[in-house]
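A.B. asks: Just passing along the structure, written as structure tokens.
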Amino acid sequence: MTERAYTVIQAFSAGGVLRLTLNNPWRKNAIGPAMVSELLDALAAGAADEAVRCVVLTGAGDAFCAGGDFAQIAGAEGAPPPEMKGDYADLLLAFANSSKPIVARVNGHALGGGLGLVAASHFAIGARGAKLGTPEINVGLFPMMIMAVLQRHVSRRKLLEMMLLGQRLDADEAAQCGLLNKVVEPDALDAAVDEVTSAIASKSPIAVRLGLEAFAAQDDLDLESALPLLRERLAGCLATDDAREGLLAFLEKRKPRWSGK
């Protein structure tokens, strides 16, 4: 069990799960440079920790993340700290390239940049009553960077409608659009997240890592480029000890004993 000290997030690791909590509830967990930097640091630490099998991201209080911290964006709170690990675009890339599954536990509203984090996660489970949307147009902005992750889930026509009208979808509508895997009642949210993390923990760690790395590598390739790359990645996967153990366990009708190698 490990807990790391941060100022605007909480990071707690136990049982193979790194739990990251956006911890700025008095501002609905609005995301600014400090939060971005701390998330990047925590994700890097989780990636280097062999005991961590997956990451759960959620928000403190009654919101997941209300979007960008407009006070910081407008410069009202001074320059970002000099030890910044990167910006919001770097954070979305870190999510997309993570070799450990990230589960968004959407406990409340996820708007703007907060919705971008949901869309960039590998799994997203939402509490009924949460709102997900792109309200930037209402303050003279546009959801520029999150377009890149939203268009991977939402149809072109629906995405334009969301962004141009500043729509907020309820959780069930968000699931229909592909932004959430599942919607549950608030009191069932933890059980639904635990179901996913437990399933991940039962799989081969190296197969999960190699699979996610291959998925990220082929994501923007055309078919002619993707298939040769994936053929090579399959060969690498077949060469692992866990692949040999998994195939043997299947033939012997027993549960595999993963080594992570």
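The values are calculated or read from the model by the stated rules, or taken from the named source; none is laboratory data. Owing to the predicted nature of the structure, the values given are computational and were not obtained by experimental measurement. Backbone-built Cβ (ideal geometry, glycine too); neighbour counts: all protein chains shown.
A.B. asks: In the set L111, L93, which member is at pLDDT 90 or above, of a type outside the set (F, W, Y), closer than 25 Å to I137 by Cβ and crowded, with 23+ Cβ neighbours inside 10 Å?
C.D. replies: On inspection, the qualifying residue turns out to be L111.
A.B. asks: Within segment 118-161, which residues are among the aliphatic types (A, V, I, L, M), part of a helix (DSSP H, G or I) and farther than 16 Å from V106 by Cβ?
C.D. replies: I137, V139, M147, A148, L159, L160
A.B. asks: Something else now. So is R4 modelled with pLDDT under 95 and either touching a strand residue (DSSP E or B) at 6+ places or on another chain (Cβ under 8 Å) or within 19 Å of A124 (Cα to Cα) (or both) or not?
C.D. replies: Spelling it out, R4 is indeed modelled with pLDDT under 95 and either touching a strand residue (DSSP E or B) at 6+ places or on another chain (Cβ under 8 Å) or within 19 Å of A124 (Cα to Cα) (or both).
A.B. asks: Regarding segment 150-157, can at least one residue be identified that is surrounded by 19 or more Cβ atoms within 10 Å (Cβ to Cβ) and without any contact (Cβ under 8 Å) to a residue 40 or more places away in the chain?
C.D. replies: yes
A.B. asks: Can you report the number of residues in segment 56-75 which are closer than 21 Å to L43 by Cα, among the aromatic types (F, W, Y) and modelled with pLDDT under 95?
C.D. replies: Residues that pass the stated criteria total 0.
A.B. asks: List the strands (runs of 3 or more DSSP E) inside segment 1-73, counting only whole elements, that have at least 2 residues being in contact (Cβ under 8 Å) with a residue 40 or more places away in the chain and under 18 Å from A104 (Cα atoms).
C.D. replies: Hits in segment 1-73: 17-22, 54-59, 63-65.
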